[in-house]
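Data block below; observations after.
The values are calculated or read from the model by the stated rules, or taken from the named source; none is laboratory data. All of these numbers come straight from a predicted model, not from anything done at the bench. For neighbour counting, all protein chains shown are included, and Cβ atoms are generated from backbone atoms with ideal geometry for every residue, glycine included.
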Amino acid sequence: MDPNAGKRTLANKLSREELQAKLEAETFHRTTVSFYKYVIIENPQELRDALFAQWSQWDCLGRIYVSREGINAQMNVPKHHWDAFDAFIHGIEYFHDVPFKLAVTDKTDGKSFLKLVVKVREQIVADGLQPEDYDVTDVGAHLTAKDWNEAIEKHDPVVVDMRNHYESEIGHFEGAVLPEAETFREELPMVLEKLKGQEDRKILLYCTGGIRCEKTSAFLKHHGFKDVNQLHGGIIDYARQIEEEKLPNKFHGINFVFDERLGEAISDEVISECHQCGQPSANHANCANKACNLLFIQCEECAEKHEGCCTPQCVEVIHLPEEEQIEIRRKAKETKRFHRHTKVNLRNAFSEK
């Protein structure tokens, strides 16, 4: 650990505009990486500070959560610091065997995050569960991409997507159960209900990098499911394995990722459509009205036509004086929501104006 950790500023102080300008001025390349591990960490705050101090020295960027139950990291690392980063992480006793998952495609050239955020959380993935609801050490079998494909082909399994609906909408495995959940916390009881009566069937779980499946498999085993399996390394590592081993690809579409890219192509298919015009599109965007910030699918034509907004109401807001926009954002923050939309009323919003 860095002995000078406490002597440095352990938080980002730059504005988004300053961060963007700094990133655009870089002349080196970055590697996008994710990793997680469930492990009991005695002092999460101390570890958080040490990680932030060292990573900020190397200009690493990303979003990392540390808790007493482990670590969950999505970040990028300057390539000229990669070897030092690798040695540093694997030199920490907690993470000596943690596997890295590298981005398969990266249209941002590794510039997938604007700043470094390392936070201490109660849990590395919020699940709403109590300790008696599962035993995270009793998890399902981890399947390689080859094993996963064979299980789908030969064993008539129940394949379950453990991601939120906006993730699975743009890409998923063939025949998968796709819960219409907003959060992982909502999804767990939803999946349990959907699988009721199928406790003896082979269950295949998958998510982005594997972390949500780790808890889900323990949760399902606790509830009597006997043959629970999970895709090792998630969709990210599945894409790497099928490319390296020349395996058939059973994933259709785009893998949603939680960084500036918002997605990486696993296949050439576009299986989703623009929420406003219905044309094929997998381009996720946040509404240009910052008070709204709704995440939705918007094709390039609609983005230009509607100025990056989801509704006429939001178009009106972005043309108001900045002082009025700030007040609208303040009120939206207090009420926790600007407005709520579904794909149906987004499709009709501008035609009904």
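Numbers at a glance
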| quantity | calculated |
| --- | --- |
| Residue pairs meeting the criteria (Cβ under 6 Å; at least 6 apart or on separate chains; first within 17 Å of Gln74 (Cα to Cα), in segment 199-218; second part of a strand (DSSP E or B)) | Gly209/Ser34; Gly209/Lys101; Ile211/Tyr36; Ile211/Asn72; Cys213/Leu205; Cys213/Gln230 |
| Close pairs from segment 305-332: first within 12 Å of Cys292 (Cβ to Cβ), partner of a type in the set (Asp, Glu) and modelled with pLDDT of 95 or more, Cβ under 7 Å, at least 6 apart | Val315/Glu307; Ile318/Glu307 |
| Segment 170-195 - residue that is in contact (Cβ under 8 Å) with a residue 24 or more places away in the chain and assigned to a loop (DSSP other than H, G, I, E, B) and, of those, nearest to Lys215 (Cα to Cα) | Thr183 |
| Condition broken by Gly62, with the remaining ones in (1) surrounded by fewer than 19 Cβ atoms within 10 Å (Cβ to Cβ); (2) on the phi > 0 side of the Ramachandran plot; (3) not charged (D, E, K, R) satisfied | (1) |
| Subset tally (residues that are surrounded by fewer than 19 Cβ atoms within 10 Å (Cβ to Cβ) and more than 19 Å from Tyr238 (Cβ to Cβ)) for segment 161-188 | 7 |
| Index of the failed condition, Tyr38 passing every other in (1) at pLDDT 90 or above; (2) closer than 23 Å to Cys207 by Cβ | (1) |
| Qualifying residues in segment 199-220 (those that are out of contact with any Asp or Glu (no Cβ under 9 Å at 6 or more places or on another chain) and modelled with pLDDT under 95) - the one surrounded by the fewest Cβ atoms within 10 Å (Cβ to Cβ) | Ile211 |
| Qualifying residue in segment 187-206 (condition: in contact with a Gly (Cβ under 7 Å, 6 or more places away or on another chain), under 22 Å from Glu269 (Cβ atoms) and not aliphatic (A, V, I, L, M)) | yes |
| Verdict on Gly70 being buried (at least 20 other Cβ atoms within 10 Å of the Cβ) and at positive phi | yes |
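Here's the yes/no breakdown for (1) at pLDDT 95 or above; (2) in contact with a helix residue (DSSP H, G or I) (Cβ under 7 Å, 6 or more places away or on another chain); (3) more than 29 Å from Ala126 (Cβ to Cβ); (4) among the β-branched types (Val, Ile, Thr):
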{"residue": "Glu17", "(1), (2), (3), (4)": "no, no, yes, no"}
{"residue": "Thr32", "(1), (2), (3), (4)": "no, no, no, yes"}
{"residue": "Ala73", "(1), (2), (3), (4)": "no, no, no, no"}
{"residue": "Asp83", "(1), (2), (3), (4)": "yes, no, yes, no"}
{"residue": "Ile92", "(1), (2), (3), (4)": "yes, no, no, yes"}
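Yes/no matrix, rows are residues, columns are (1) modelled with pLDDT under 85; (2) crowded, with 19+ Cβ neighbours inside 10 Å; (3) in the same structural domain as Leu188 (by TED's automatic domain parsing); (4) out of contact with any Leu (no Cβ under 6 Å at 6 or more places or on another chain):
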site: Val77; (1), (2), (3), (4): no, yes, no, yes
site: Asp86; (1), (2), (3), (4): no, no, no, yes
site: Ala103; (1), (2), (3), (4): yes, yes, no, yes
site: Asp138; (1), (2), (3), (4): no, no, yes, yes
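Results for (1) in contact with a His (Cβ under 6 Å, 6 or more places away or on another chain); (2) at pLDDT 90 or above; (3) not hydrophobic (A, V, I, L, M, F, W, C), shown as yes or no for each residue.
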{"residue": "Asp127", "(1), (2), (3)": "no, no, yes"}
{"residue": "Ala141", "(1), (2), (3)": "no, yes, no"}
{"residue": "Trp148", "(1), (2), (3)": "no, yes, no"}
{"residue": "Glu153", "(1), (2), (3)": "no, yes, yes"}
{"residue": "Met162", "(1), (2), (3)": "no, yes, no"}
{"residue": "Glu167", "(1), (2), (3)": "no, yes, yes"}
{"residue": "His172", "(1), (2), (3)": "no, yes, yes"}
